[in-house]
There are 2 protein chains.
Amino acid sequence: MGLNMVAAHAKWPEENDAIFGLAAKAKQAIDTYGKDNVIDSTLGALVDDDGNLICLDTVFNELKSLPNAQIAAYAQVAGQEDFLDAVQTACFKEYRPEAYIKAVATPGGTGAVRHAIWNYTNEGESILVCDWFWSPYVTISEEFGRKVTNFEFFNEKGEFNISSFKEKFEDLLKKQKRLVTVLNTPANNPTGYSLSDEEWDEVLNIAKENAKDPENKIILLVDVAYIDYAGVGSERRKFFSKFSNLPENIFVVIAYSMSKGYTMYGMRSGAAIGISSKEEIVNEFYYSCMHANRANWSNGTRGAMSVMTNIAKDPAKKKVYEEEVNKYKTMLRNRANAFVEGAKECGLDILPYRDGFFVSIPCDNAKEASAELIKENLFVVALKKGLRFAVCAVAEDKCRVAPAKIKKVLDNLK
Amino acid sequence: MGLNMVAAHAKWPEENDAIFGLAAKAKQAIDTYGKDNVIDSTLGALVDDDGNLICLDTVFNELKSLPNAQIAAYAQVAGQEDFLDAVQTACFKEYRPEAYIKAVATPGGTGAVRHAIWNYTNEGESILVCDWFWSPYVTISEEFGRKVTNFEFFNEKGEFNISSFKEKFEDLLKKQKRLVTVLNTPANNPTGYSLSDEEWDEVLNIAKENAKDPENKIILLVDVAYIDYAGVGSERRKFFSKFSNLPENIFVVIAYSMSKGYTMYGMRSGAAIGISSKEEIVNEFYYSCMHANRANWSNGTRGAMSVMTNIAKDPAKKKVYEEEVNKYKTMLRNRANAFVEGAKECGLDILPYRDGFFVSIPCDNAKEASAELIKENLFVVALKKGLRFAVCAVAEDKCRVAPAKIKKVLDNLK
């Protein structure tokens with residue numbers, strides 16, 4: 001092994017990001033075969049039919065017209081006050097829970113997820129995540145010496161698996177008396193699933209039942225990174241109002257991101273929003289996150305905060321911004337519909353898609369399947385339990401034909 | 001106490017940032033008494049004589065002329081490759097050490113400091129920092145369950161206290177066998193001190209002597225946040241070349257920030273740069289920081305990286321950028337000279353200033369002194385061991401008269 005200089009807990013395998021590697025291969029294929037002949041469904045960003053990253057005009061016009069000092073200056077450690085108001089409205093819209101609520105600015109949704117896991121768990125404990133998940137939940141947990149337990153996302157009928165959730169939730173809570181559960185909904189990455197309002201009721205009933213033991217500390221971390229592309233109006237935000245008047249030992253943290261809804265992936269802005277029926281619990285959250293902000297990245301990206309605030313404050317700008325987002329939301333839904341219909345036509349088994357950037361195809365040999373699909377110039381990300389197809393990155397006509405190509409490769413591997 | 005939801009390690013006092021509070025008071029005084037009658041020396045950012053934040057035109061013209069997609073897109077987890085080259089050149093200039101070197105993008109210098117402390121220490125261990133220090137070193141250490149030991153920065157003659165450094169350094173190393181030492185130089189915050197090349201030799205000789213024990217792991221974290229305002233040419237970078245061919249159990253991490261040199265405080269960009277005589281040690285560093293990037297903030301601010309890279313690549317832009325920085329470097333030096341001369345004239349005892357944004361005045365009762373000075377409409381930050389005067393934020397004529405005002409208040413408190 002030789003000499004190590006890093007502490008043992010910070011020694012990690014010399015691995016580069018697999019998705020970036022795959023995206024580079026896709027780019028190579030496009031250069032060689034022409035973009036009409038390649039389906040690049042790797043990156044999790046909204047791309048137009050010509051393969052160009054979509055950047056909302058309203059957002060970047062606003063950013064570029066900010067006075068320099070509003071980009072240059074340090075933001076406050078917790079975030080600018082007007083941003084911390086605006087981000088709550090952007091997140092909840094008309095479904096703000098009746099509760100004490102405080103927000104803290106973070107770099108994207110990742111910073112909020114990181115704060116929730118670090119601040120609300122102890123070393124060695126497990127967080128609970130479903131078995132179709134965004135892999136950085138594991139990276140974050142491992143980085144901090146935490147573990148990850150999975151519940152099964154779907155039952156045999158392809159519905160949300162509430163009994164698996166209950167079992168794992170109660171197991172861990174019994175053992176730890178403290179549990180952070182991650183729910184990445186609506187528009188789950190990688191499946192595109194969104195919990196229905198009834199499923200949310202079931203989840204909250206289980207949480208409330210377990211909250212009767214006052215020793216239990218129940219933290220629900222709701223990652224809504226893709227919420228701005230979920231549903232048609234704001235109906236996919238209805239579940240937020242269910243966080244009203246919860247027992248005081250149920251604490252909810254929302255991880256909100258500006259990356260997708262404002263197409264500001266590279267500006268690193270978002271927020272952790274804490275919700276409690278008790279004021280001292282949200283204050284505790286606020287100061288805990290503020291300390292963590294200071295200790296990790298000092299403060300957030302000031303210009304990104306101003307963009308959200310300025311758009312929120314100006315009704316005319318807000319209207320144009322919302323129209324622009326909605327245009328792309330419709331584009332995305334058309335692509336997803338094309339993929340889902342294509343899958344139905346050819347008999348490809350996919351997970352139930354509701355909203356968002358991705359569709360997932362369950363299979364046993366995802367790595368092999370991905371490698372075979374590369375030969376067909378179709379690039380998808382291999383997960384543990386299947387393939388992730390990024391409808392956000394692929395034109396509608398290609399979304400329609402991709403399922404049959406995938407089906408053929410999967411059938412050949414059987 | 002009532003119910004806690006956060007884990008015990010993440011419970012922090014409900015305190016807001018003291019400097020922001022003081023700055024708000026200063027702003028109030030300016031509104032009441034007029035800006036000619038107030039000296040606001042609170043914030044650590046370069047401000048023009050009228051009290052406006054200085055934003056380099058070359059930097060913000062470049063940012064605002066970037067294609068939207070270059071701001072919108074995710075950066076790679078470790079940072080864009082061309083940025084990781086450019087930032088090394090920006091940091092070392094002609095004094096690049098002969099060594100294996102790798103950089104990772106971080107949000108400002110803070111992210112790099114955080115990575116060095118987290119990745120290179122174990123829980124419960126102490127890092128070593130001098131007794132005039134930037135307080136987030138303590139915030140970061142406490143956040144992660146690490147401790148801070150101070151050595152005395154200056155001896156009775158007002159010189160760098162190498163014997164105090166040696167004593168504490170060897171004490172901790174004996175106990176821990178692993179030690180992260182923070183050296184915030186050149187242009188130390190809060191004193192303005194810069195270690196001379198001879199003092200660097202002394203530090204490195206002590207490190208090398210202790211590196212003879214192969215069990216010792218010696219990490220030097222050099223925080224160069226203010227380096228772009230140090231010295232006249234690049235002579236204050238000469239010490240970098242001393243990191244050539246070090247013993248393999250001495251590892252150097254440079255925390256480089258774009259905040260000051262590019263007046264991009266609010267864009268959160270910088271880098272951790274690792275230096276070792278052994279390739280596997282810098283690779284280990286790189287992958288350890290990449291994992292930590294992914295687990296804390298995912299990736300860095302893409303637009304800020306492009307600004308540095310584009311300026312570095314274009315000789316004409318680079319020339320104009322350097323002229324612009326140098327103009328403000330001269331302005332800053334004139335202000336500091338005025339303060340130092342003013343102090344000499346009235347007999348105010350100050351710490352040896354060499355470079356940078358701040359001058360420090362040692363005193364026993366800093367909080368009381370700061371409160372008294374507020375009554376005189378002079379706003380300075382109280383530290384444990386004295387007052388910090390931000391010459392970066394105060395016009396030259398005010399810098400000249402401030403020392404006498406401070407002297408008077410301190411004399412009255414005796």
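Assorted remarks:
- Region B:355-366 - residue that is of a type outside the set (S, T, N, Q) and surrounded by 19 or more Cβ atoms within 10 Å (Cβ to Cβ) and, of those, nearest to B:Val381 (Cα to Cα): B:Ala366
- Test: residue in region A:158-174 that is at pLDDT below 95 and more than 24 Å from A:Asp314 (Cα to Cα): yes
- Residue count, region A:186-199 (criterion: touching a residue at least 40 places away in the same chain (Cβ under 8 Å) and touching a strand residue (DSSP E or B) at 6+ places or on another chain (Cβ under 9 Å)): 8
- Some residue of region B:98-113 being acidic (Asp, Glu), at pLDDT below 95 and part of a loop (DSSP other than H, G, I, E, B): no
- Any hit, region A:143-150, residues being at pLDDT below 95 and out of contact with any helix residue (DSSP H, G or I) (no Cβ under 7 Å at 6 or more places or on another chain): no
A quick yes/no check of all residues on (1) touching a strand residue (DSSP E or B) at 6+ places or on another chain (Cβ under 7 Å); (2) of a type outside the set (Lys, Arg):
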position: B:Lys327; (1), (2): no, no
position: B:Met331; (1), (2): no, yes
position: B:Arg335; (1), (2): no, no
position: B:Tyr353; (1), (2): yes, yes
position: B:Ser360; (1), (2): yes, yes
position: B:Leu373; (1), (2): yes, yes
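- Subset tally (residues that are surrounded by 22 or more Cβ atoms within 10 Å (Cβ to Cβ) and more than 14 Å from chain A (Cβ to nearest Cβ)) for region B:204-227: 4
- The condition of being away from chain B (no Cβ under 14 Å) and surrounded by fewer than 24 Cβ atoms within 10 Å (Cβ to Cβ) holds for only one of A:Phe154, A:Phe144, that being A:Phe154.
- Residue in region A:160-183 that is surrounded by 17 or more Cβ atoms within 10 Å (Cβ to Cβ), under 14 Å from the mean Cα position of the chain (by Cα), among the charged types (D, E, K, R) and closer than 15 Å to A:Phe251 by Cα present: no
- Selection from region A:11-32 of residues that are within 14 Å of chain B (Cβ to nearest Cβ) and without any contact (Cβ under 8 Å) to a residue 60 or more places away in the chain: A:Lys11, A:Trp12, A:Pro13, A:Glu14, A:Glu15, A:Asn16, A:Asp17, A:Phe20, A:Gly21, A:Ala24, A:Lys27
- Considering B:Lys217, B:Lys238, the condition of being farther than 29 Å from B:Val340 by Cβ and of a type outside the set (Val, Ile, Thr) is satisfied by B:Lys217 alone.
- Whichever residue in region A:33-82 is part of a helix (DSSP H, G or I), facing chain B (nearest Cβ under 10 Å) and under 17 Å from A:Gly270 (Cα atoms) and, among such residues, is nearest to the chain's Cα centre (by Cα): A:Val59
- Yes/no for A:Ile101 being surrounded by 23 or more Cβ atoms within 10 Å (Cβ to Cβ), assigned by TED's automatic domain parsing to the domain that holds A:Asn249 and among the aliphatic types (A, V, I, L, M): no
- Within region B:301-347, if we keep just the residues that are part of a loop (DSSP other than H, G, I, E, B) and surrounded by fewer than 22 Cβ atoms within 10 Å (Cβ to Cβ), the residue that is nearest to the other protein chains (Cβ to nearest Cβ) turns out to be B:Asp314.
- Residues being closer than 21 Å to B:Leu46 by Cα and either in contact with a strand residue (DSSP E or B) (Cβ under 7 Å, 6 or more places away or on another chain) or outside the structural domain of B:Ile30 (by TED's automatic domain parsing) (or both) - total across region B:384-414: 10
- On inspection, B:Leu128 passes the criterion of being touching a residue at least 12 places away in the same chain (Cβ under 8 Å), closer than 27 Å to B:Ala230 by Cβ, away from every other protein chain (no Cβ under 14 Å) and surrounded by 17 or more Cβ atoms within 10 Å (Cβ to Cβ).
- Qualifying residue in region B:258-279 (condition: assigned by TED's automatic domain parsing to the domain that holds B:Leu183, surrounded by fewer than 22 Cβ atoms within 10 Å (Cβ to Cβ) and among the charged types (D, E, K, R)): yes
- Residues that are in contact (Cβ under 8 Å) with a residue 40 or more places away in the chain and over 22 Å from A:Asp223 (Cβ atoms) within region A:278-306 comprise A:Lys278, A:Glu279, A:Asn283, A:Arg294, A:Ser298, A:Asn299, A:Arg302, A:Gly303, A:Ser306, listed in sequence order.
- Evaluation of B:Gly108 against (1) farther than 25 Å from B:Thr330 by Cα; (2) within 11 Å of chain A (Cβ to nearest Cβ) (one fails), failing number: (1)
- Across region B:256-277, the qualifying residues are those that are assigned to a loop (DSSP other than H, G, I, E, B) and at the interface with chain A (Cβ under 7 Å from one of its Cβ atoms), and the one among them that is nearest to A:Trp297 (Cα to Cα) is B:Arg268.
The values are calculated or read from the model by the stated rules, or taken from the named source; none is laboratory data. None of these values were measured; they are calculated from a predicted model. So basically every Cβ, Gly included, is an ideal-geometry build from the backbone, and we count neighbours across all protein chains shown.
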